[in-house]
Structures are given as C-alpha cells and as structure tokens.
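K.L.:
Mind looking over this structure? Questions follow.
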Amino acid sequence: MIWDIEHETMPRADLQRLQQQRLQAQVATVLEKVPFYRQAFQEKGLTPAAVHSLSDLAQLPFTTKEDIRDNYPLGLAAVPPRQTVRLHASSGTTGKAKVVPYTVGDIDLWSEVMARTLAATGVTEDDVVHNAYGYGLFTGGLGFHQGAERIGATVIPMSGGQTKRQIIFLQDLGSTVLCCTPSYALYLAEVAEEMGIDLRATQLKIGIFGAEPWSHRMREEIQSKIGLKAYDIYGLSEIIGPGVSVECEHQDGLHIFEDHFLPEVVEPETGESLPYGERGELVLTTLTKEAMPVIRYRTGDVTSLNPETCACGRTLVRMEKTSGRTDDMLIVRGINVFPSQIESVLLQVKGVEPHYQIVVDRQHTLDDLEVWIEVSEEIFTDEIGRLEALQQELRTELHNVLGISARVKLVEPRSIQRSEGKAKRVIDRREVYG
Amino acid sequence: MKETQISVFLENRPGRLLHLLEAFADGKVNLRALSVADTADFGIARVIVDDVEAAVQAIRQAGLTAATTEVLRAEIPNAPGGLAEAVIRPLARAGVNVEYTYAYNKGGSENAVAVLKVDDMEKAQQVLGEE
C-alpha cells in the first residue's frame with residue numbers, strides 16, 4: 001500500500017522541482033543558524049545563492065561523522081534548546097555519542113516517513129505490530145512505534161530482551177507484524193523452537209528488519225523459519241532514524257523518501273559524484289529537518305541508486321541493499337561499534353594495548369563480540385583474582401562505552417593474527433553482506 | 001624457606017600444557033613440582049625448578065608469558081596429619097592466610113615438601129621458626 005500517493009508517485013520532474021526548493025531553503029537555514037556550515041561554505045567560497053539547481057549539490061561541502069564528533073554534543077543544531085522536544089543518540093567513533101535533536105516538526109516528519117515505511121510492507125490499521133527494536137536513545141524502538149501509531153495499527157512496545165516473554169506475546173496477542181533486527185528474528189525462531197512453539201503457526205505475516213546488514217540467505221532463513229515475508233529497511237539517526245528507505249512488495253531495492261532525504265552516491269576516496277547505477281558511498285542531505293539539518297552526510301554505507309519507476313508505482317529512487325562499509329565500523333546486534341571506541345577503553349589499562357584483537361562472530365544467531373588481549377609480562381600476574389578483575393573491569397568499561405556487552409578473553413602472546421608484522425585489529429567472521 | 005616459583009599463562013585448551021612441557025624438555029629444565037590452576041578461559045601453570053633462569057628463558061623462547069613469585073617451601077613429615085600439624089595449624093593460629101598450596105614427595109625421603117603461597121611471607125617464616 002502507498003501511504004502518501006502524492007509524494008511517493010510524483011512525476012520525477014515535479015519531485016526534482018520540490019527537492020530543489022527544499023534544498024535551497026535547507027541551505028539557507030543552516031547558513032543562518034549553524035556556524036559550522038557558515039564556515040564550511042565560506043571555505044569553499046560558496047554563498048546561499050550558490051544553489052540554483054540540484055546539480056549544484058555536488059559543490060557543497062560534506063558533513064562527516066568526525067564533524068558531528070567535533071561539534072559534540074549539539075553544535076550542529078539549527079534551533080535553540082527550547083524548540084527541541086527530544087534527543088536520541090548513537091555511537092560515535094570514540095567514547096562520545098552522536099547526539100541528535102528533534103523538534104515537534106521533526107517528530108511529525110519521522111512519524112510520517114515511518115508510516116510510509118510500514119505501509120509499503122503492507123501494514124494497515126488492522127495489524128498488530130510487535131516492536132522488538134530497543135526503546136531508548138536508539139532510534140529503532142520509538143521510530144517504529146510512532147509510524148505504527150500513525151497508521152492506526154496496534155503497537156506492542158516490547159523493546160529488546162525477555163525473549164521467552166516475547167514469544168508468548170507473539171503467540172497470544174495475535175501479532176501480525178514483527179519489527180526487530182534480522183539476527184534477533186532468527187534468535188526468536190531458535191528460542192521458540194526450544195520452547196516447542198512453531199512461529200509459522202502464529203498470525204505473523206510481515207517482518208520489517210533493519211539496523212544491521214543482512215544477507216539474502218538470511219532473508220530466506222527468516223522467512224522459512226518464521227513464516228512471514230521479510231522486508232529490509234534502512235535509516236540512520238544522523239538523518240532521522242529508521243524511515244530513510246524501505247522495500248516495497250516487489251523487493252527490488254529500497255525506496256528512498258527523496259522528498260525529505262536527497263540521496264547521492266560518491267566515490268569514497270575522491271568524493272566525486274557517481275552516476276545512477278554505479279556503486280559507491282551513499283551521501284544524504286536532509287531537505288525538511290529542523291533541529292539538525294545535515295548537508296551531504298557521508299553515511300559510510302556502500303550502495304547504488306536506480307531512478308526507474310518501480311512496478312509498485314513509486315517514482316522514488318531505489319537503493320540496492322547495502323553491500324559494505326567504507327570505514328571500519330561494525331554493526332553488532334544492531335548497534336554501531338567503532339574499533340576506535342574499543343581502543344579508547346583499552347588505552348586506559350597499561351600493557352593491554354597494542355596487543356589486542358576484536359573478533360565478531362555469529363555462532364548461533366546472535367552476534368558475539370569478543371576482545372582478545374594478549375597477556376604480556378606487563379599485565380601477567382600469578383594471582384588469578386587480579387587477572388579476572390582485569391577482565392571484569394574491561395568488560396564493564398566496554399559495556400559503558402559501547403552500550404552492548406563484549407567478552408574479554410585473555411590469550412597467549414602471539415596468538416593474534418598478524419599480517420606483515422602488523423596486527424590485524426578486527427576479524428569479522430559473519431557473512432552479513434551478499 | 002623461601003623459594004622462587006615460576007607462573008606461566010596458558011590458554012585453557014588442549015595442547016597448551018604440552019607446549020610448555022616441551023619447552024622445558026628442550027631447555028633441559030627439570031621440574032620438581034607442577035600445579036595447574038584453571039578458570040573458564042585460561043590457566044596458570046606453576047612450577048618449581050632447579051634452575052629458575054634457564055626455565056624463564058625456555059618459557060620466553062616458547063612465546064609464553066612468565067612471572068616469578070616468592071612462595072614458602074616447607075618440609076613436612078610424610079605421615080597422616082603431617083601437613084596440618086607442621087604447617088597449616090601454626091599458620092592458621094597466627095592468622096596467616098594460605099592462598100594456594102601444592103605438595104610433592106621427594107624420592108626416597110621420609111619427608112614431603114609443601115609449597116605455599118601466603119598473604120604474609122615474613123610472618124609465615126617466623127611462625128615456622130625459620131627466622
């Protein structure tokens with residue numbers, strides 16, 4: 001179903017006119033309100049008048065995650081705090097989070113694009129939406145919640161955890177829609193099986209999975225184990241949260257809600273714009289955000305764009321399922337993890353760094369994050385209690401910084417793989433793309 | 001009397017203890033006593049040897065991590081109640097805590113030897129009449 005026929009099926013020429021008007025207004029806003037952008041435009045010799053048409057976008061400065069970090073916590077905000085009604089946050093590259101403010105208008109926009117998202121997968125007011133995305137600073141929980149309410153569906157705000165209880169609810173409350181990370185969906189299926197419950201026998205028919213990359217094989221596995229149609233969604237808190245793009249029933253790419261989020265694909269090294277169809281880094285510009293508009297945000301996600309009208313009738317450009325990252329960011333259980341965050345924790349303990357390695361694996365269905373530390377003579381002691389205390393201290397601090405638990409494993413010296421003498425910092429054994 | 005014990009970090013999986021013992025064999029290091037303590041992830045092998053320096057060398061050459069610790073070495077009668085009466089009871093009375101201990105039998109001798117890691121080395125030695 002198409003939630004907003006006018007905008008989702010608008011002839012592309014009209015859409016581009018709308019995007020251009022909105023881009024001009026958004027640029028004017030950031031130049032007036034955000035010193036960071038004033039300076040970035042000045043450095044390039046650009047004035048507000050520089051944006052005549054959409055093709056001028058390519059000259060505008062990029063915004064990177066480092067820019068967000070450098071302006072921590074709210075230096076990129078375009079409105080005063082009294083107009084801000086909510087803050088969300090996601091992981092930054094170091095210990096500091098990326099904080100994102102929202103106005104009333106932003107929450108309304110977000111509810112609207114999430115209503116479009118849910119509707120695209122077939123959700124209506126008759127549905128019961130089991131929302132197992134985490135509620136809190138993470139945008140997943142509240143984003144889905146608002147969209148489902150806007151549609152008029154019944155929302156069950158489960159959040160994460162308490163897996164057995166989730167399964168009982170899925171069975172007893174007649175949920176028709178499951179929203180969570182794809183790996184948690186598989187975990188639910190596994191636990192249900194242990195409980196002797198067949199999720200295929202429940203009312204579930206639609207699954208909306210995102211917040212982490214997942215392979216086509218995983219999609220098939222989820223569909224066959226739970227008995228629903230699995231849809232991919234894409235979004236990021238820096239832009240809005242979930243609600244940037246979604247698959248329709250034809251599942252031939254994810255429709256980007258381009259009237260609000262203007263996409264480009266660039267060559268990651270040079271930043272040069274790439275034509276439709278070519279694979280590169282996705283760059284997004286918000287067109288209607290109020291509290292924190294961003295110009296040309298480097299998402300780090302690799303994809304390509306297809307502007308052809310879809311069989312569903314939407315004229316919105318489609319992005320292919322993301323096929324990688326341009327940086328070393330890991331997504332573990334839906335949470336962004338930067339190796340530099342882990343390093344910042346290890347640096348606090350003498351003798352731990354540089355002898356460490358990050359290992360991500362998916363032994364069963366959920367991701368395991370392990371930090372291996374080579375036991376050098378500097379940290380080794382005959383006292384087991386002190387070694388265990390070190391493990392515990394690192395585990396606690398990693399949990400504080402990352403927001404997810406990591407196992408700290410002490411290993412013998414030289415057990416960490418090195419290539420050409422250089423320690424390989426991250427080993428990801430999961431097959432999340434493809 | 002005081003004795004230097006060598007502790008070695010080992011991962012808790014098959015073959016790691018063998019790796020250590022092979023290193024000792026190659027370095028011609030004779031073990032007088034060996035004890036292995038384990039946790040879920042790792043173990044610590046503790047050894048008493050004749051030549052501490054040679055042993056540490058062999059451990060490092062094998063790519064392993066060693067630490068030396070001062071422990072107490074006490075001769076005990078090789079008879080029922082020997083360890084309790086000669087060593088543990090006096091230490092307990094004096095409030096010295098034993099963190100771990102292991103014992104070995106000297107070949108062809110009437111006495112056995114206990115190795116003890118205590119929280120107060122000086123006091124333990126006084127109690128056992130060694131100082």
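K.L.:
Going through the range B:75-131 one residue at a time, which ones are part of a helix (DSSP H, G or I) and within 14 Å of chain A (Cβ to nearest Cβ)?
P.N.:
Of everything in the range B:75-131, just one residue is part of a helix (DSSP H, G or I) and within 14 Å of chain A (Cβ to nearest Cβ), namely B:121.
K.L.:
A follow-up question, please. If a residue counts only when it is over 30 Å from residue A:20 (Cβ atoms) and not basic (Lys, Arg), which strands (runs of 3 or more DSSP E) contained entirely in the range A:150-260 have at least 2 such residues?
P.N.:
By residue number, A:154-156, A:177-180, A:206-209, A:229-236.
K.L.:
Looking at B:110, B:75, B:85, which is the one that is over 30 Å from residue A:376 (Cβ atoms) and free of Cβ contacts under 8 Å to residues at least 12 places away in the same chain?
P.N.:
Within the list B:110, B:75, B:85, the selection yields B:85.
K.L.:
Can I ask one more? One residue is enough: does the range A:304-315 have a residue meeting the conditions more than 14 Å from chain B (Cβ to nearest Cβ), of a type outside the set (Asp, Glu) and within 24 Å of residue A:64 (Cα to Cα)?
P.N.:
There is at least one residue in the range A:304-315 that is more than 14 Å from chain B (Cβ to nearest Cβ), of a type outside the set (Asp, Glu) and within 24 Å of residue A:64 (Cα to Cα).
For every residue, the table says whether it meets (1) within 17 Å of the chain's Cα centre (by Cα); (2) part of a helix (DSSP H, G or I).
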site	(1), (2)
A:88	yes, no
A:110	yes, yes
A:113	yes, yes
A:117	yes, yes
A:126	no, no
A:135	yes, no
A:141	yes, yes
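K.L.:
On to the next question. Please specify each residue of the range A:311-331 satisfying the condition of being touching a helix residue (DSSP H, G or I) at 6+ places or on another chain (Cβ under 8 Å) and either assigned to a strand (DSSP E or B) or surrounded by 21 or more Cβ atoms within 10 Å (Cβ to Cβ) (or both).
P.N.:
Hits for the range A:311-331 are A:314, A:316, A:330.
Residue by residue, here is whether (1) at pLDDT below 95; (2) surrounded by fewer than 21 Cβ atoms within 10 Å (Cβ to Cβ) holds:
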site	(1), (2)
A:294	no, no
A:298	no, no
A:304	no, yes
A:309	no, yes
A:352	yes, no
A:361	yes, yes
A:384	yes, yes
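K.L.:
Return yes when residue A:221 is in the same structural domain as residue A:143 (by TED's automatic domain parsing), within 17 Å of the chain's Cα centre (by Cα) and among the charged types (D, E, K, R) and no when it is not.
P.N.:
No, not satisfied.
K.L.:
Among the numbered conditions (1) loosely packed, with under 13 Cβ neighbours inside 10 Å; (2) modelled with pLDDT under 95; (3) of a type in the set (Gly, Ala, Ser), tell me where residue B:82 comes up short.
P.N.:
Result: residue B:82 passes all but (1).
K.L.:
Filter the range A:185-217 down to the residues that are more than 21 Å from residue A:129 (Cβ to Cβ) and in contact (Cβ under 8 Å) with a residue 40 or more places away in the chain, then identify the one that is surrounded by the most Cβ atoms within 10 Å (Cβ to Cβ).
P.N.:
Selected residue: A:213.
K.L.:
Here's another thing I want to ask about it. Could you tell me which of the residues A:412, A:397, A:370 is under 24 Å from the mean Cα position of the chain (by Cα) and either within 14 Å of chain B (Cβ to nearest Cβ) or more than 30 Å from residue A:133 (Cα to Cα) (or both)?
P.N.:
That would be A:370, the only listed residue that is under 24 Å from the mean Cα position of the chain (by Cα) and either within 14 Å of chain B (Cβ to nearest Cβ) or more than 30 Å from residue A:133 (Cα to Cα) (or both).
K.L.:
Take the residues in the range B:1-32 that are of a type in the set (D, E, K, R), in contact with a strand residue (DSSP E or B) (Cβ under 8 Å, 6 or more places away or on another chain) and within 11 Å of chain A (Cβ to nearest Cβ), then tell me which one is surrounded by the fewest Cβ atoms within 10 Å (Cβ to Cβ).
P.N.:
B:11
K.L.:
Quick check on my filter: what residues within the range A:376-396 are more than 22 Å from residue B:119 (Cβ to Cβ) and among the polar types (S, T, N, Q)?
P.N.:
Correct list: A:376, A:391, A:396.
K.L.:
Next up: Pick from the range A:373-382 the residues that are more than 7 Å from chain B (Cβ to nearest Cβ) and of a type outside the set (Asp, Glu): which of them is surrounded by the most Cβ atoms within 10 Å (Cβ to Cβ)?
P.N.:
Here the answer is A:373.
K.L.:
With A:157, A:182 as the choices, which residue is surrounded by fewer than 22 Cβ atoms within 10 Å (Cβ to Cβ), touching a residue at least 24 places away in the same chain (Cβ under 8 Å) and touching a strand residue (DSSP E or B) at 6+ places or on another chain (Cβ under 8 Å)?
P.N.:
That would be A:157, the only listed residue that is surrounded by fewer than 22 Cβ atoms within 10 Å (Cβ to Cβ), touching a residue at least 24 places away in the same chain (Cβ under 8 Å) and touching a strand residue (DSSP E or B) at 6+ places or on another chain (Cβ under 8 Å).
K.L.:
In the range A:267-284, what residues are over 19 Å from the mean Cα position of the chain (by Cα) and either within 20 Å of residue A:6 (Cα to Cα) or not in a loop (DSSP other than H, G, I, E, B) (or both)?
P.N.:
A:273
K.L.:
Working only within the range B:35-72, note down all residues that are buried (at least 17 other Cβ atoms within 10 Å of the Cβ), part of a strand (DSSP E or B) and away from chain A (no Cβ under 11 Å).
P.N.:
B:35, B:47, B:48, B:49, B:72 - these are the residues of the range B:35-72 that are buried (at least 17 other Cβ atoms within 10 Å of the Cβ), part of a strand (DSSP E or B) and away from chain A (no Cβ under 11 Å).
K.L.:
Between a residue in the range B:1-29 that is free of Cβ contacts under 8 Å to residues at least 12 places away in the same chain and any residue that is in a loop (DSSP other than H, G, I, E, B) and of a type in the set (Phe, Trp, Tyr), which pairs come within a Cβ distance under 7 Å, given they are 6 or more apart or on different chains?
P.N.:
Taking only residues 6 or more apart or on different chains, not a single pair turns up.
K.L.:
Let me ask another. Kindly list the number of the only condition in (1) in contact (Cβ under 8 Å) with a residue 40 or more places away in the chain; (2) surrounded by fewer than 23 Cβ atoms within 10 Å (Cβ to Cβ) that fails for residue A:286.
P.N.:
(2)
The values are calculated or read from the model by the stated rules, or taken from the named source; none is laboratory data. None of the values given here were measured: they were computed from a predicted structure. FYI the Cβ positions are ideal-geometry reconstructions off the backbone, even for glycines, and counts take in every protein chain you see.
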